[in-house]
Amino acid sequence: MKEKGYTRLYWKIVATTLCFSLVPLLVVGFSIYRQFSISFKAKIMESLTTLTENRCGAIDLFLDERIAQLNTLVFTNSMEQLTDEEYLTRVFTLMQMRSKSFVDIGIIDRDGDHVAYVGPYRLKGVNYKNEEWFNETMLRGIYVSDVFTGYRMFPHFVIAIMRREGDRSWILRATIDTEIFEAMVKAAQVGKKGDAFLVNKDNVLQTTPRFGGELLSRITYPHFPRFSGTRVGEMQLSGDYALFGMGWLRNKDWLLIIKEDPLENLSPLLQTRLMAIGLVLGGVLIIVVGTFLVTGAVVRQLISTDREKAVLDASLVQSSKMAALGKLAAGIAHEVNNPLAVIKEKVGWMRDLLVEEDISASENYREFDDAIRKIDYHVDRARKVTHRLLGFARRLEPVQEQVDLNRLMDETIEFLRNEAHYRNIEIQTDYCPDPPDVVSDSAQIQQVFLNILNNAIDAIGKAGVIHIKTMFNPKDREMAVAITDNGPGIPNDMLSKIFDPFYTTKEVGKGTGLGLSISYSIIDKLGGRILVASEEGKGTTFTIYLPVNSRPKPQIL
């Protein structure tokens, strides 16, 4: 396997392990935190709902009691009694003994004149005919006003009740103590940043908020139409992101708004989140470190195994070369070199005869001389072939040389020409014109060619065609050699195994199963690749790709 292959395998193992380890951890951690978050937030919202409901109820009860108290006073006394300021003072004193909720009390006739008054201000004789609260009271009978400044120039609100006595109408008016009322509202303020206040239907503050805004100022909150019950949720209002609880009062168009700081209320949740994140990160760290350590050990063991395999492959390559060519080389050396030596000797003797005998004047002298020179040339050529075979059989260190694949293929075909001719197998060539040389080891490439061609001849058996085509891909800067036979083809279930050591499709005793395995190993080490395509009944094609600037992989010894 190439170095990049080990790196890819390393990261694939790491990614797969981390994926199957971290995903469940993160899912479980997130699920637990989410469930806790939902439950905790639900608890907070429930608490805020309860607080809002209770506070709205308390304010409504306060107003109900004040209205009932004033109703009792109005309908148990006549106007003549209550316009007696001594009597009115006694009554007000009794009211204050029960509850100090009132600041003053007064009687206003149907014309709006303040005819009797008990309290700290000088309001007797003041006419309220043009005041909103006076007209609303005359229209409705009972009226709780919004907060206003009025004649006393101080924010306050009043409760007014009208009574009809025959053809006469009059109003009992009482001012509520704003400090007591605001204290009742502010009792809903929770925490250091919590707030509670009342606004009317126009978003005008009826009580003073704890943070920002002044009494009787308009806040920039959205307009909330009147609704029943209470509403709670997380909202961003006027730039503040907070928890809000809201509810409309029953006796008055006032909206109670309770605001709480989420960081204060959710601090236990945030602490739990930090703890969960810490635990998850700790688990992630342990898993990541363990994954890298284990993966590194596995890949190192794989590299060691591959190195041992490379040593074995090198031995198998040499064994295969010796097994395939040993007999051939020895036979050629013995059977061919001896006749060549005799022919060489006889050619020398014939050349000597041409010199010694005076036949230069013969009209066939030139033909004799040319025939002797050609015989001598081809004897030398045959001897070179035998020497090449012997060198091919010897164990040689990988070399880098300029290799012309067309020429190398022609030389390889010459080795098998007689065998192919004997079996009536035609070898066709379709070479790329002017191909670039490949920088590689010609002897090892020739062995691959020889193995594949031998397999093609064995696959065809008799009477067939082997087509050899060379191609150059300028984009990828590589040469391709395609060797196609019209033999029976290879079944699909065997294609994935043909490069395995000792796997063969030949009959028992006719193949070692090492040829293609060795060929695959050689091409891989030379920086190329070998592919196979086959269709049963039509033949097989082996395609060898070699980079033009090939650099063989270093031998692992």
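Tally up the residues in segment 141-159 that are buried (at least 21 other Cβ atoms within 10 Å of the Cβ) and either aromatic (Phe, Trp, Tyr) or out of contact with any Phe, Trp or Tyr (no Cβ under 9 Å at 6 or more places or on another chain) (or both), please.
Matching residues across segment 141-159 total 1.
Filter segment 103-129 down to the residues that are in contact with a helix residue (DSSP H, G or I) (Cβ under 7 Å, 6 or more places away or on another chain) and of a type in the set (Gly, Ala, Ser), then identify the one that is surrounded by the fewest Cβ atoms within 10 Å (Cβ to Cβ).
112
List every residue pair whose Cβ atoms lie under 6 Å apart, where the two residues are 6 or more positions apart in sequence or sit on different chains, the first residue falls within segment 341-352 and is assigned by TED's automatic domain parsing to the domain that holds residue 372, and the second residue, located anywhere, is of a type in the set (Asp, Glu) and surrounded by 12 or more Cβ atoms within 10 Å (Cβ to Cβ).
If the second residue must be of a type in the set (Asp, Glu) and surrounded by 12 or more Cβ atoms within 10 Å (Cβ to Cβ), the pairs left are 347/376.
Among the residues of segment 409-420, which ones are surrounded by fewer than 19 Cβ atoms within 10 Å (Cβ to Cβ) and either farther than 12 Å from residue 466 by Cβ or acidic (Asp, Glu) (or both)?
If the condition is that a residue be surrounded by fewer than 19 Cβ atoms within 10 Å (Cβ to Cβ) and either farther than 12 Å from residue 466 by Cβ or acidic (Asp, Glu) (or both), then 410, 411, 414, 418, 419 are the ones that fit.
How about segment 437-463: which of its residues are in contact (Cβ under 8 Å) with a residue 40 or more places away in the chain and over 15 Å from residue 546 (Cβ atoms)?
Those that are in contact (Cβ under 8 Å) with a residue 40 or more places away in the chain and over 15 Å from residue 546 (Cβ atoms): 450, 451, 453, 454, 455, 456, 457, 458, 459, 463.
Report yes if residue 106 is on the phi > 0 side of the Ramachandran plot and touching a strand residue (DSSP E or B) at 6+ places or on another chain (Cβ under 6 Å), otherwise no.
In short, no.
Give the residue that is surrounded by the most Cβ atoms within 10 Å (Cβ to Cβ), with candidates limited to residues of segment 199-254 that are of a type in the set (Ser, Thr, Tyr) and farther than 27 Å from residue 154 by Cα.
By that ranking, first place goes to 230.
Condition check ((1) touching a His at 6+ places or on another chain (Cβ under 9 Å); (2) closer than 26 Å to residue 211 by Cβ; (3) without any contact (Cβ under 8 Å) to a residue 40 or more places away in the chain) across all residues:
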position	(1), (2), (3)
134	no, no, yes
139	no, no, yes
143	no, no, yes
157	no, yes, no
174	no, no, no
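Does residue 245 meet the test of being outside any loop (DSSP other than H, G, I, E, B) and within 27 Å of residue 66 (Cα to Cα)?
yes
Could you list, in sequence order, the residues of segment 502-540 that are farther than 22 Å from residue 403 by Cβ and at pLDDT 85 or above?
If the condition is that a residue be farther than 22 Å from residue 403 by Cβ and at pLDDT 85 or above, then 532, 533, 534, 535, 536, 537, 538, 539, 540 are the ones that fit.
Those residues that are out of contact with any strand residue (DSSP E or B) (no Cβ under 8 Å at 6 or more places or on another chain) and surrounded by fewer than 17 Cβ atoms within 10 Å (Cβ to Cβ), I need them from segment 169-183; list them, please.
179, 180, 183
Looking at (1) modelled with pLDDT of 85 or more; (2) more than 27 Å from residue 32 (Cβ to Cβ); (3) out of contact with any Cys (no Cβ under 8 Å at 6 or more places or on another chain); (4) of a type outside the set (Val, Ile, Thr), which is the one condition that is false for residue 256?
(3)
Here are some residues: 12, 100, 41, 4. Which one is in contact with a helix residue (DSSP H, G or I) (Cβ under 8 Å, 6 or more places away or on another chain), of a type outside the set (A, V, I, L, M) and exposed (fewer than 13 other Cβ atoms within 10 Å of the Cβ)?
Residue meeting the stated conditions: 100.
For segment 153-167, name all the residues that are aliphatic (A, V, I, L, M) and more than 17 Å from residue 252 (Cβ to Cβ).
Passing the criteria: 153, 162.
Is there a residue being modelled with pLDDT of 80 or more, outside any helix (DSSP H, G or I) and farther than 23 Å from residue 179 by Cβ anywhere in segment 66-80?
Scanning segment 66-80, I find at least one residue that is modelled with pLDDT of 80 or more, outside any helix (DSSP H, G or I) and farther than 23 Å from residue 179 by Cβ, so the answer is yes.
Within segment 212-226, does at least one residue satisfy the condition of being touching an Asp or Glu at 6+ places or on another chain (Cβ under 9 Å), in a strand (DSSP E or B) and under 19 Å from residue 182 (Cβ atoms)?
yes
Based on this model, can you work out whether residue 129 counts as more than 60 Å from the chain's Cα centre (by Cα) and over 28 Å from residue 214 (Cβ atoms)?
yes
The values are calculated or read from the model by the stated rules, or taken from the named source; none is laboratory data. Since the model is a prediction, treat every value here as computed from it, not as a measurement. Note that each Cβ is placed from the backbone with ideal geometry, even for glycine, and that neighbours are counted across all protein chains shown.
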